[in-house]
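What follows is a set of notes on a single structure, which appears directly below.
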Amino acid sequence: MTCAGSGADPLGLITDGAVLCEGGRVVWVGPDEDADAASRALDVVVAERVDLGGRLLTPGLVDCHTHAVFAGDRSDEFAMRARGAGYLEIAKAGGGIAATLGPTRAATDADLERLTVDRLVAARATGTTTAEVKSGYDLTIAGEQRLLRVIARAGAQAGVAVVPTLLCHVIPPERKADRDVYVRELAEVLVPAVAAGGLATAVDIYCDDGAFTRDETATVLGAARGAGLAVKAHAGQFSDQGAAELCAELGALSVDHVEQVSDAGIAALAAAGTVAVMLPGACVQLRLPPPPVARLRAAGVPLAVASDLNPGSSYSSSLPLQMWMATTHFAMSVEEAWLGVTRVAARALGLSDRGMLAPGARADLVAWNAEHPAAIPYQYGANLVDRVLVA
């Protein structure tokens, strides 16, 4: 399954297919019976042949939205939510994002690296070969830069290609009295420092109730664009603040969550080609209404699917599990879910060389103990991965 198809065959299925790889890249893909001729024509010496015994072979999965670097535990909030407490109610009681700040700030670099590596290794075991990891659980100028450095080191250890993103998550409790000053520090100090240090490729910001306003979002993302960084946003999880329109105007890579988004916002995303990232784990756990997938689809907005791996609302690194929720709870098709964790997810990260099996792409491959793409979300409690090959 190349995930490089179109029209009636968007998954690019090849029966009895073969992939020829050299130097960590795909150099040819096609019918197995043509593989030997292709290797001769391309002057590629085949040093090793791997027979997958009829298993489904796909590109490595791309998780385009995770918060994998954090310390602490919030299982108590899960129990509160199971008894009926809401996300904003828990946050106002001192839970939510603020509850992760203390443990994360107190953790050593070594502790954070170990925790992040463990989560990335678990993600790889279920097929993820590229993962975005956001900062956002320190919320100080120096602390956010520390988290980005930890993310880079953890990715190198875990054997997963990591894309670090600076996340301006919320206003920290100790800065609520000087909120305007804090927002200026993000735009004028943190964002330029991250860009100058090459610590991230993009800036994300949470624009919603209890987080940043539309104007604050425009200030921070405008600074990011000026610093040469890509932009994206958490938008419309609880209320529509107009972030979709703003992100489209700024040429954002993605807007993520969008349970709440207007028709104007959808039209703007479609016109800009901005990806809408579906995060079913958080949506289902928080018992929110699902995003308007049918309206997004009809408008032509590209749809990605990600884990939203985080300690409060989606503590899961398994993209196959998210695919199950995307197909059952969000009414996405199997084809949409697969493209959402491969080709479209890569687009949401600004990556053109993964999420598909095509010449020039990174040779990130997953072999599954299955023959049909639908088997992966269908057997949502089982890990059907046979092997994972990165580059």
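Structure data summary
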quantity	calculated
Test result for residue 258, surrounded by 22 or more Cβ atoms within 10 Å (Cβ to Cβ), aliphatic (A, V, I, L, M) and in contact with a helix residue (DSSP H, G or I) (Cβ under 7 Å, 6 or more places away or on another chain)	yes
Filter result for residue 282 (among the hydrophobic types (A, V, I, L, M, F, W, C) and surrounded by fewer than 23 Cβ atoms within 10 Å (Cβ to Cβ))	no
Wholly within segment 184-251, helices (runs of 4 or more DSSP H) carrying at least 1 residues that are more than 22 Å from the chain's Cα centre (by Cα) and surrounded by fewer than 16 Cβ atoms within 10 Å (Cβ to Cβ)	191-197, 214-226
Close pairs (6 angstrom Cβ cut-off, 6 or more residues apart or separate chains): under 12 Å from residue 139 (Cα atoms) in segment 99-111, of a type in the set (Asp, Glu) and crowded, with 17+ Cβ neighbours inside 10 Å anywhere	104/138; 105/138
Residue 45 outside any strand (DSSP E or B) and surrounded by fewer than 15 Cβ atoms within 10 Å (Cβ to Cβ)	yes
Residue tally, condition within 25 Å of the chain's Cα centre (by Cα), under 16 Å from residue 208 (Cα atoms) and part of a helix (DSSP H, G or I), over segment 91-107	3
Exclusive hit being closer than 29 Å to residue 19 by Cβ, modelled with pLDDT of 95 or more and not hydroxyl-bearing (Ser, Thr, Tyr), set 373, 280, 290	373
When residues of segment 261-275 are limited to those that are more than 19 Å from the chain's Cα centre (by Cα) and not in a helix (DSSP H, G or I), the one surrounded by the fewest Cβ atoms within 10 Å (Cβ to Cβ)	262
Segment 134-151, residues that are on the phi < 0 side of the Ramachandran plot and either not in a helix (DSSP H, G or I) or not assigned by TED's automatic domain parsing to the domain that holds residue 162 (or both)	134, 135, 137, 138, 140
Condition check for residue 81: touching a residue at least 12 places away in the same chain (Cβ under 8 Å), part of a helix (DSSP H, G or I) and over 18 Å from the mean Cα position of the chain (by Cα)	yes
Checking residue 304 against (1) part of a strand (DSSP E or B); (2) more than 21 Å from residue 136 (Cβ to Cβ), the condition it does not meet	(2)
Filter result (over 17 Å from the mean Cα position of the chain (by Cα) and assigned to a helix (DSSP H, G or I)) within segment 314-344	327, 328, 334, 335
Residue 146 vs. criteria among the basic types (Lys, Arg), free of Cβ contacts under 8 Å to residues at least 40 places away in the same chain and out of contact with any strand residue (DSSP E or B) (no Cβ under 8 Å at 6 or more places or on another chain)	yes
Residue list for segment 354-381, filter: crowded, with 18+ Cβ neighbours inside 10 Å and among the aromatic types (Phe, Trp, Tyr)	368
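The values are calculated or read from the model by the stated rules, or taken from the named source; none is laboratory data. Quick caveat: nothing in here was measured; it's all calculated off a predicted structure. Virtual Cβ from ideal backbone geometry, glycine too; neighbours counted across all protein chains shown.
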